[in-house]
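No lab work stands behind these numbers, since they all come straight from the coordinates. Owing to the predicted nature of the structure, the values given are computational and were not obtained by experimental measurement. Neighbour counts are summed over all protein chains in view; Cβ atoms, including those assigned to glycine, are modelled from backbone coordinates with ideal geometry.
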Amino acid sequence: MEALVCRVIGDPTLPLSDSSPIVLSRSHPVPELNSPTAVRVRIYATSLNFANYLQILGKYQEKPPLPFIPGSDYSGIVESVGERVSRFRVGDKVCSMASLGSFAELIVADEKDLYLVPHGCDLVDAGALPVAFGTSHVALVHRAQLKAGQVLLILGAAGGVGLSAVQIGKVCGAVVIAVVRGDEKVKLLQSMGVDYVVDFTKENVIETVRRYLKTRGLKGVDVLYDPVGGKLTKESMKLLNWGAKILVIGFASGEVPVIPANIALVKNWTVHGLYWGSYRIHQPKILEDSLKELLSWLSKGLIKIKISHSYSLSEANLAFAAIKDRKAIGKVMIVLQNNSKPKSKL
Ligand SMILES: NC(=O)c1ccc[n+]([C@@H]2O[C@H](COP(=O)([O-])OP(=O)(O)OC[C@H]3O[C@@H](n4cnc5c(N)ncnc54)[C@H](OP(=O)(O)O)[C@@H]3O)[C@@H](O)[C@H]2O)c1
């Protein structure tokens, strides 16, 4: 089978060659059904997350031994099943999230980790959903218990997790304020019915958000969703209400922010560090219920997946460049089973 293999740590945006960190192996061994409840899935689409980029750079918290096949969430079609598999049949459309290995034609998962894609849902959308929407759903619904009418401030709001947080925030009935960079991202968020959008390269975030809150008769921000870190987090903390919740999602800026404990004490803030993937080990039921709810929202049209760029496996370096260069608006995908794939923007 074809698979993308990371042989050495390095920059995944370099053109694929014999000496690049990632290479396309055209005769990689097909993964075996390794237990009676194992399922082999022919991958249709797999998504790129910032974490996949960081992992190949050697900057992610999980550092697998080399060589490895990167990739986490995916959708596909069941190709074969172990003798004790009871929930799936060959031909079923499924999606899931692996620790590694989805940048390949085939992957093996235990049946408990697979989710049936509801009838009528697009398979590329299903492959884009688990990590980004799963993270935002567990963060906003389970951890922050976001309520209708609360003010939600989202940093990096046009990225993979950011755009999912925007939509989940709207489903929950929150007042959603999005912070992004550039006209194209501002326009998209406005078209999605976000209550207020700030381009932080043109406006002072604190002043403009305060002005907006005043016009709505609102005091401050109840929940901060932060996949960016750095200076933006520092500024956003000035907007938080008494009793606010801070969701620490990631550090796309490269800078881990400092959240002063003395101010957290005085203002009764709650800081939630959230590592979605670790729910699989520590609280799998929460993750399972969350993904089932998201798939049902997808089938009802309550959430929509915005695919920003779409590439083949052999173009993976371009996919990583879209993430690195902050060109993604929504999800960057690798589509393996679609000859009429949408044209990429790069
Ligand atoms: N905790 C978890 O379980 C979990 C799960 C998924 C993702 N994450 C983390 O969340 C973060 C975002 O992931 P993602 O997959 O949504 O990535 P993404 O699609 O690339 O989005 C990142 C966004 O961050 C903004 N950004 C601000 N400064 C940046 C910088 N210096 N470099 C790059 N982007 C910058 C960009 O928006 P502008 O250009 O508009 O500023 C970009 O749209 C990552 O740190 C990732 O590791 C965490």
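For the chain, modelled as a GNM whose springs connect Cα atoms under 10 angstrom apart, the maximal fluctuation among Ile281, Ile307, Ile329 occurs at Ile281. Shape index of the range 1-148: Rg/Rh, with Rg the Cα radius of gyration and Rh the Kirkwood radius from the inverse mean 1/r over Cα pairs, equals 1.00. By DSSP, the beta bridges lying fully in the chain are antiparallel in about 55 percent of cases.
As a proxy for reagent exposure, Leu152, Leu66, Leu265 were ordered by neighbouring Cβ count within 10 angstrom, fewest first; the result is Leu265, Leu66, Leu152. The spacing between the range 187-252 and the range 16-71, judged by their C-alpha centroids, is 35 Å. For the pair the range 268-313 / the range 126-177, the C-alpha centres are spaced 9 Å from each other. For the chain, the longest principal axis of the alpha carbon atoms and the long axis of helix 160-171 meet at an angle near 60°.
Divide, for the range 85-135, the radius of gyration over alpha carbons by 2.2 N^0.38 Å, where N is the residue count.
On the way: Rg = 11.1 Å, N = 51, 2.2 N^0.38 = 9.8 Å.
That ratio works out to 1.13.
Between the Cα long axis of helix 284-300 and the first principal axis of the chain there is an angle of about 90°, rounded to the nearest 10.
Give the Kirkwood hydrodynamic radius (Å, one decimal) of the range 283-336, defined as one over the mean of 1/r across all pairs of different Cα atoms. In the range 283-336 this quantity evaluates to 13.0 Å.
Given R0 = 35 Å, the distance between the Cβ atoms of Ser296 and Arg216 translates into a calculated FRET efficiency of 0.65.
With neighbour counts taken as other beta-carbon atoms within 10 Å, the residues Phe50, Phe200 rank, fewest first, as Phe200, Phe50.
For the range 170-302, take N as its residue count and report Rg(C-alpha) divided by 2.2 N^0.38 Å. The partial results should precede the final answer.
Working: Rg = 16.3 Å, N = 133, 2.2 N^0.38 = 14.1 Å.
Scaled against compact globular proteins, the figure is 1.16.
Taking the empirical scaling 2.2 N^0.38 Å for compact globular proteins as reference, the range 120-203 has a Cα radius of gyration ratio of 1.08.
Quick one: plug the Kirkwood hydrodynamic radius of the chain (C-alpha pairs) into Stokes-Einstein at 10 °C, 1.306 mPa s, and report D in µm²/s. If you can, show how the numbers build up before the last one.
Numbers: Rh = 20.7 Å.
The diffusion coefficient I find is 77 µm²/s.
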